[in-house]
1. Any chance you could count the Lys pairs in region 95-236 whose alpha carbons are under 16 Å apart, treating pairs 8 or more apart or on different chains as valid?
2. I want to make sure I understand the PRE zone here: with the label point 7 angstrom from the Cα of residue 61 toward its beta carbon, which residues in region 27-44 have backbone N atoms less than 16 Å away?
3. Give the cross-link partners of residue 390 among the aspartates and glutamates, using a straight C-alpha distance below 14 Å as the criterion and excluding same-chain residues fewer than 8 apart.
4. Which value, in debye to the nearest 20, describes the size of the charge dipole of the chain about its Cα centre when Lys and Arg Cβ atoms bear +1, Asp and Glu Cβ atoms bear -1, and nothing else is charged?
5. If you take every residue apart from residue 180 with its C-beta less than 13 Å away from the C-beta of residue 180, what net charge results, scoring Lys and Arg +1 and Asp and Glu -1?
6. Excluding same-chain residues fewer than 8 positions from residue 334, which lysines have a Cα within less than 18 Å of its Cα?
7. Sort 213-226, 320-333, 85-98 by packing, meaning the average of other beta carbons within 10 Å per residue, with the highest value first.
8. Taking θ as phi - 60°, what are the ³J(HN,Hα) couplings along region 305-310 by the Karplus curve (6.51, -1.76, 1.60), each to the nearest whole Hz, with x for Gly and Pro?
Amino acid sequence: MNIHEYQGKAVLKEFGAPVSAGFPALTVAEAVEAAKKLPGPLYVVKSQIHAGGRGKGKFKELGPDAKGGVRLAKSVEEVESHAKEMLGNTLVTAQTGDAGKQVNRLYIEDGSDISKEFYLSALVDRETSRVAFVVSTEGGMDIEAVAHDTPEKIETFSVDPATGIMPHHGRSMARILGLSGDQAKQAGAVLAQIYTAFVAKDMDMLEINPLIVTTAGQIKCLDAKISFDSNSLYRHPEVVALRDTTEEDEKEIEASKYDLAYIALDGTIGCMVNGAGLAMATLDIIQLYGESPANFLDVGGGASEEKVTAAFKIITADPKVKGILVNIFGGIMKCDVIARGVIAAVKAVGLQVPLVVRLEGTNVQEGKDIITSSGLNVISADDLDDAAQKIVAAVKKA
């Protein structure tokens, strides 16, 4: 689960991390009032969407010469002008794709005099089962570009959960960033605060880009991008309360109600699979045969008929879907349960596109018999390769 920058900064502030003063705004009037509460004379008007690259983004409605989604303002009147242009318009960034995202919220923040910009992030290193920190002197830039062009400017270190943050971690960060004296002490303190927040809130990723040193010598978190482990949200109702469903795909929201692992993609073939590994293989083989998947959907190992029916309805609700591939290898998941769920969903919503079903494993014959006796126009497949070729051919024929 992702949250907005202003919400992320409130979380960091809760743990003592230094952030600039600022206020969210849903309307132009609220933006003006927010600016009046800040000392000025420099303000920053920030679009709040769940995507990076906002500063370099462009608004669809304003033309190619318009300013991006993060703007400086030197007066309350300029804040008002920016807010009028940004609210309600569609911001396109490198991470949103061509569709962009509508800006419904702004964050009006007190401006900072910047001396240096750094990059700092924390994430879960699954190979070591530790929280790892990524640190670079190249703050304010796309970290992917830095990794590609100058990988030597990125360094990482991890924290043993048995000890937590130790003084040597702070010294490592200061060394990487070239900080000394009081600024090195500040960096160590910020690192400890971020680690504490990361663990306490069950985060997946916390990115601060940039982490700055002001002209007064103070270290400050100038941005905050945070995602949380969805499996741990039951422990954090205060985090769940921060969820902005307007930033999420409607189909993904519906899938979450049934505990389905669903991610919308840009292709034409809807996929319903059990098991993340098999789902990834299914997506790959569809691509191999010349089409693209419309979604990643893992119904899990113990899905009920109701869950399967819901999954099928979510797939068919996507107007981009030109064909559907059901690929089930039954272990814990029983093929007859999948078959009944598919039949129930087809009867409920209809079948307007080709459907290929490949079943194997537990109760496979019962599942095939259910589909055969249904009278529906379903294409049967023997294995994954056969299924992929058949659904791609059916889509291209249609």
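Since every read-out is calculated from the coordinates, none of them should be taken as a lab result. Just so you know, these numbers come straight off a predicted model, no measurement behind them. Methodologically, a virtual Cβ is constructed for each residue, glycine included, from the backbone with ideal geometry; neighbour enumeration extends over all protein chains shown.
1. Working: 116/153; 116/220; 185/220; 201/225.
Lysine pair count for region 95-236: 4.
2. 27-29
3. 291, 382
4. Working: 41 positive and 54 negative charges, 102 e Å.
Dipole magnitude for the chain comes out near 500 debye.
5. Details: positive: 116, 171, 175, 185; negative: 182.
Here the charged neighbours net out to +3.
6. Result set, ordered by chain and number: 307, 368.
7. Values: 213-226: 18.8, 320-333: 21.9, 85-98: 16.9.
Per-residue mean Cβ counts within 10 Å order the peptides as 320-333, 213-226, 85-98.
8. Listing the rounded values in order: 4, 5, 5, 5, 4, 4 Hz.
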